[in-house]
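This report refers to the structure that appears directly beneath it.
The values are calculated or read from the model by the stated rules, or taken from the named source; none is laboratory data. These numbers were taken from a predicted model, which means no experiment stands behind them. Virtual Cβ from ideal backbone geometry, glycine too; neighbours counted across all protein chains shown.
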There are 2 protein chains.
Amino acid sequence: MTTYNAPVEDMMFLYDYLKDNKNYNEIEKYKEINSDLVKDILEQAAKINKEIILPLAKTGDENPCIYENGIVRSPPGYKEAYKKFIEDGWTSLSCDSKYGGQDMPKTISTFFEEMLSSSSLSFKLYSELSIGAYNCILHHADQKIKDKFLPKIVEGKWSGTMCLTESHCGTDLGLLKTKAVKQSDNSYNISGQKIFITSGDHDLTENIIHLVLAKIPGSPPGSKGISLFLVPKFLVDDDGTVGSRNGVNTASIETKMGIKGSPTCVLNFENAKGYMIGPENKGLNSMFTMMNLERIIVGIQGLGISETAYQNALSYAKERKQGKANNSKNKEADLIIQHADIRRSLMNMKSLIEGQRSFAFWVSQLIDVSLNHSDKKVKESAGDLVSLMTPIIKSFFSDTGMEITNDAIQVFGGYGYTKDQGIEQLFRDNRITPIYEGTNSVQAIDLVYRKVLNNKIFDKYIDQITGEIKEFSEDKNLSLFVQKFQKYLELLNNFTLWLTEKNKLSKDDVSAACNDYLKVFGYIALAHSWLKILKVSHDKIDQNKEFFQDKINTATYYFDKILPRVQAHYISAISGSETMMKGNFN
Amino acid sequence: MTTYNAPVEDMMFLYDYLKDNKNYNEIEKYKEINSDLVKDILEQAAKINKEIILPLAKTGDENPCIYENGIVRSPPGYKEAYKKFIEDGWTSLSCDSKYGGQDMPKTISTFFEEMLSSSSLSFKLYSELSIGAYNCILHHADQKIKDKFLPKIVEGKWSGTMCLTESHCGTDLGLLKTKAVKQSDNSYNISGQKIFITSGDHDLTENIIHLVLAKIPGSPPGSKGISLFLVPKFLVDDDGTVGSRNGVNTASIETKMGIKGSPTCVLNFENAKGYMIGPENKGLNSMFTMMNLERIIVGIQGLGISETAYQNALSYAKERKQGKANNSKNKEADLIIQHADIRRSLMNMKSLIEGQRSFAFWVSQLIDVSLNHSDKKVKESAGDLVSLMTPIIKSFFSDTGMEITNDAIQVFGGYGYTKDQGIEQLFRDNRITPIYEGTNSVQAIDLVYRKVLNNKIFDKYIDQITGEIKEFSEDKNLSLFVQKFQKYLELLNNFTLWLTEKNKLSKDDVSAACNDYLKVFGYIALAHSWLKILKVSHDKIDQNKEFFQDKINTATYYFDKILPRVQAHYISAISGSETMMKGNFN
């Protein structure tokens, strides 16, 4: 089995030294949250993750969810753990106190999301979509619906789902067929089949609140005729008591490569009673409130799983003896952590993970500003940057999660391929993250066509970081890094210009370049985060010499060893799409 | 379940147009093998792979091997398939006719190895190590042993294993503890435990011939005191009849991420009777005869699995409709193969696979020369090149196998993550290939320290391909490709010089760069193969226009899109090892 100790020190480093978004620090309700409180929350979170949630990973993998006679049963121990989980209030962390939440910022809840992903992604998924449903209802439903459903969701007694996909449409929701027919009481009768519904049915909560995309007959074709409905598994009376079963049934659950402790359901809706959320035919917009935050969390899943993979590879490397290290005077075999190649592999993981955690913290502050700042313009501006960063976090973190879990297996050698170590499970569990909530290719297309080419968000981002970097370049400790960074930033600018030009002439060139563009952007955004860490580390080095020197060293590794990957993606992408469009693929 | 049609056309293209090694064409016994015979063999091979072996992949994954009461049982249907497999003579394809073999060259048997890997790696592994054992016995055992054991192995009635690894030593065989004590009849009593033994026990063959590394008490310490022994599961009488059980027992089998239809055994040797193969204390040398060919086959496994992944991703892309392609006038959704990004992904796979197949064919000719040429010097010279290419095929093909199976899952979207499609199984099955027969890091170290830095093989390789390229550069169709290639070849030369210099000053810099060096070498070696394909395709274009134009197009893709990766590996590697050696890894 894997071990896991939450990286509270690194998280507190970010909270104490890199909470540098001016607008974030202006948010009234977060001013009273101090470092001690955060540390206390993170330590409690670390404890429940290590003691109660981590063991569920292996249990769920060995005893997948069971579907029998229309009922889904979670793996052994999940019920008891979930009970404790909601008793301790973990589902309510970032929710509004009006509905029973604890009003904590995303800066803190994102750390918690990471820890849960590190411990057991399968267990996490039971409550994760509830937060999505919560956000969607909070922002789009009318007050009566909010009052009826939100408190129970916040408490964790009820959970939530997102019902988008149908067998013939995943990416392309315009094709969906699920129907919603208006009834005399203003509710709707929902009929159709939804697939790949995470936590679509299970035995952990008293009720399940489905958020379902469907079409009202006569609505416009394609994605402009989609509305959003709240469909509870059990109907809820006006006084809030859970009533009779609604017309939602589980047809089957998927047998999957990983996250076996999480049920992925086929749900049949047969004249199920539903309530419209948000305006008619604007369902996709409302759903995207949920989707966008969810996509960021999927990126965090990749980060969390990577952290566990790293920790376990590291501790194995400190135990296993094999071969002689260079310059070793040892007569016996050396620990493999003494071998340069193993250290390279571990530094690869470490520099990506710590960079991504810092980048995610930077984005978390932006999310909090976008949700809670008092100035509408500031809110919108932060929201724009969040929307730019969403596909990057989702895809880049989930893809590097594959790289890191893959490398971690390799550190274990033959043992990594067996079930005993738990390391191969991380590789399998993480493999869903580049797929769900929109495949990484869809994210790349979203980044390029919707965020970069269609508006000015990109320029805003470049302006902001260029401003920050200008200040850094005056620091002689940073000047070499800043020079390198500026070279790569210029490449990003050139790449963006190339996309802009090609978008007028050859859309296929653009489409074929999206994935490379996203990767280039991701590596450069991480370099930006590392620059900020470098600045702080040099400024504060006397406060914790060993810690900050290690940060400087890891940043140097990142700039030397990881950042050059950008070049290959760029050169490959700008060679265009002619060969692939010409291929006959017989 | 996956589908698979052996790429006989592409194989025959190589056999007909790229059998260009002068020395290969001088080998007397292969002169009578003509194109029609080869095509006939490949078509028969394609048939048994598609009809009988392919279905075993899913069966083995769903019904892994069972270990009960000391006995290992193979998955349902494996016995029957194996019976047919040996009846049709497939185990004897490349073996010596003196022992019942068919004397086919590696150029042909390697195609067959690829097909088997494409169909079911688990099933393949039952006979694969037999070929290894065959080679080892053929080259190192005395005649009596050969006569006693080889015919049955060639016939497939007995199978073979390689017993190297012990729990405390995989890479570092110098640490092994298994003991061999000489007996009065000149046999040895072998005692110790071996782990990760592929096909270590099963019910497909009447006997299992273990080749075991062990130490004779009093022999020199480390790897210089290791001898090799043949230890049959059942003792064999002088007349060849199978006698009583030897002291070898199966303690357990591993529960693994993939290749579940193949038993990976822990074997206990307790005073098992063994016969020394080759000279005392030179066991590692003898074993390496087996290991080297085996390593190449592991690379071919990666290629074979990649081919199946590609074929299935391609056919899914031709069925699945989703979204609108650029410039599409279709009112409904388009097939995903019309999307530039999906085509990019498919071309990535195709250009790697076809390039690797061609590269492997080039190496296969060298292997045949190294084994069968009449001139000893020519033999040795070819053997040198094979030894240089062995770690590259093993690591580069198995690593790109991970890239390709990963990308294939992505083409399937959510369906790729479920068990139904069989595509995720390819990803899991292939994950063993970068690990076994020496991890890919060990291969990279072998390449750099033993093959490149320690002798002149590298120069010989560069001389040979420079000569070939010179001729190509006069062809105006190729000149742009040759220019690009020369640029990258210069980079490989610079990288090699850098390693040579650093080897005197900072071994850690070299060790940390080995993996990047191997990748750089691999990509460039593939580019060399693509150049040869380009030459032939332009020269012969009138013979099959569509086929050769597609080759030219795919080669162009490779040069534009894949080859630029080299740059990133080089820049990253030559930044040295200081940061990783300084990291404190707390």
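Numbers at a glance
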{"item": "Condition met for A:SER381 (over 30 Å from B:GLY576 (Cα atoms) and among the hydroxyl-bearing types (Ser, Thr, Tyr))", "result": "yes"}
{"item": "Matching residues, region B:15-66, being of a type outside the set (Asp, Glu), outside any loop (DSSP other than H, G, I, E, B), within 30 Å of B:GLU424 (Cβ to Cβ) and more than 24 Å from the chain's Cα centre (by Cα)", "result": "B:ILE66"}
{"item": "Residue match in region B:385-392 (condition: out of contact with any Phe, Trp or Tyr (no Cβ under 6 Å at 6 or more places or on another chain) and without any contact (Cβ under 8 Å) to a residue 40 or more places away in the chain)", "result": "no"}
{"item": "Looking only at region B:185-239, and only at residues there that are acidic (Asp, Glu) and surrounded by fewer than 18 Cβ atoms within 10 Å (Cβ to Cβ), the one that is nearest to the other protein chains (Cβ to nearest Cβ)", "result": "B:ASP203"}
{"item": "Residue list for region A:490-525, filter: within 13 Å of chain B (Cβ to nearest Cβ) and either surrounded by fewer than 18 Cβ atoms within 10 Å (Cβ to Cβ) or among the basic types (Lys, Arg) (or both)", "result": "A:LEU491, A:LYS502, A:ASN503, A:LYS504, A:LEU505, A:LYS507, A:LYS519"}
{"item": "Matching residues in region B:95-110 - criterion: being more than 14 Å from B:GLY132 (Cα to Cα) and not in a loop (DSSP other than H, G, I, E, B)", "result": "B:SER97, B:LYS98, B:TYR99, B:THR107, B:ILE108"}
{"item": "Residue match in region B:339-354 (condition: in a loop (DSSP other than H, G, I, E, B), at the interface with chain A (Cβ under 8 Å from one of its Cβ atoms) and touching a His at 6+ places or on another chain (Cβ under 9 Å))", "result": "no"}
{"item": "Some residue of region B:395-405 being away from chain A (no Cβ under 14 Å) and in a helix (DSSP H, G or I)", "result": "yes"}
{"item": "Residues of region A:80-136 classified as touching a Pro at 6+ places or on another chain (Cβ under 8 Å) and either of a type in the set (Val, Ile, Thr) or more than 21 Å from A:LYS47 (Cβ to Cβ) (or both), total", "result": "2"}
{"item": "Boolean, A:VAL510 is in contact (Cβ under 8 Å) with a residue 60 or more places away in the chain and within 17 Å of A:TYR449 (Cβ to Cβ)", "result": "yes"}
{"item": "A:LYS377 vs. criteria out of contact with any Leu (no Cβ under 6 Å at 6 or more places or on another chain), surrounded by fewer than 22 Cβ atoms within 10 Å (Cβ to Cβ) and of a type in the set (D, E, K, R)", "result": "yes"}
{"item": "Filter result (more than 11 Å from every other protein chain (Cβ to nearest Cβ) and among the basic types (Lys, Arg)) within region B:313-338", "result": "B:LYS329"}
{"item": "Any chance B:ALA313 is touching a residue at least 40 places away in the same chain (Cβ under 8 Å) and buried (at least 24 other Cβ atoms within 10 Å of the Cβ)", "result": "yes"}
{"item": "Per-region count, region B:194-245, residues touching a strand residue (DSSP E or B) at 6+ places or on another chain (Cβ under 9 Å), in contact (Cβ under 8 Å) with a residue 12 or more places away in the chain and polar (S, T, N, Q)", "result": "6"}
{"item": "Single condition B:ASN285 does not satisfy, out of (1) without any contact (Cβ under 8 Å) to a residue 40 or more places away in the chain; (2) within 30 Å of A:LYS58 (Cα to Cα); (3) not aliphatic (A, V, I, L, M)", "result": "(2)"}
{"item": "Close pairs (6 angstrom Cβ cut-off, 6 or more residues apart or separate chains): free of Cβ contacts under 8 Å to residues at least 40 places away in the same chain and at the interface with chain A (Cβ under 7 Å from one of its Cβ atoms) in region B:417-436, assigned to a loop (DSSP other than H, G, I, E, B) and not hydroxyl-bearing (Ser, Thr, Tyr) anywhere", "result": "B:TYR417/A:MET257; B:TYR417/A:ILE432; B:TYR417/A:ILE435; B:THR418/A:GLU254; B:GLU424/A:MET257"}
{"item": "Criterion (assigned to a helix (DSSP H, G or I) and closer than 25 Å to A:LEU447 by Cβ) met by exactly one of A:LEU385, A:LEU314", "result": "A:LEU385"}
{"item": "Complete set of residues in region A:1-21 that are among the aliphatic types (A, V, I, L, M) and either under 10 Å from A:PHE111 (Cα atoms) or modelled with pLDDT of 95 or more (or both)", "result": "A:ALA6, A:VAL8, A:MET11, A:MET12, A:LEU14, A:LEU18"}
{"item": "Qualifying residue in region A:253-274 (condition: polar (S, T, N, Q) and within 30 Å of A:GLY522 (Cβ to Cβ))", "result": "yes"}
{"item": "For A:LEU534: the one exception among (1) closer than 30 Å to A:ASP509 by Cβ; (2) surrounded by 20 or more Cβ atoms within 10 Å (Cβ to Cβ)", "result": "(1)"}
{"item": "Selection within region A:67-87 - closer than 27 Å to A:LEU426 by Cα and part of a loop (DSSP other than H, G, I, E, B)", "result": "A:SER74, A:PRO75, A:PRO76, A:GLY77"}
{"item": "Any hit, region B:296-312, residues being among the small types (Gly, Ala, Ser), within 13 Å of chain A (Cβ to nearest Cβ) and in contact with an Asp or Glu (Cβ under 9 Å, 6 or more places away or on another chain)", "result": "no"}
{"item": "Region A:145-180, residues that are under 20 Å from A:SER223 (Cβ atoms) and not in a loop (DSSP other than H, G, I, E, B)", "result": "A:MET162, A:CYS163, A:GLU166, A:CYS169, A:LEU173, A:GLY174, A:LEU175, A:LYS179, A:ALA180"}
{"item": "The listed residue being modelled with pLDDT of 95 or more, of a type in the set (Phe, Trp, Tyr), within 23 Å of B:ASN503 (Cβ to Cβ) and under 28 Å from the mean Cα position of the chain (by Cα), out of B:TYR558, B:TYR523", "result": "B:TYR523"}
{"item": "Residue, nearest to the chain's Cα centre (by Cα), within region A:157-184, restricted to residues that are surrounded by fewer than 18 Cβ atoms within 10 Å (Cβ to Cβ) and away from every other protein chain (no Cβ under 12 Å)", "result": "A:LYS157"}
{"item": "Which numbered condition B:TYR449 fails, given (1) within 10 Å of chain A (Cβ to nearest Cβ); (2) out of contact with any strand residue (DSSP E or B) (no Cβ under 6 Å at 6 or more places or on another chain)", "result": "(1)"}
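Table: residues versus (1) part of a loop (DSSP other than H, G, I, E, B); (2) in contact with a Leu (Cβ under 8 Å, 6 or more places away or on another chain); (3) modelled with pLDDT under 95.
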site	(1), (2), (3)
B:LYS260	yes, no, no
B:CYS265	no, no, no
B:GLU270	no, no, no
B:TYR275	no, yes, no
B:GLU280	yes, no, no
B:ASN285	no, no, yes
B:THR289	no, no, yes
B:ILE297	no, no, no
B:ILE300	no, no, no
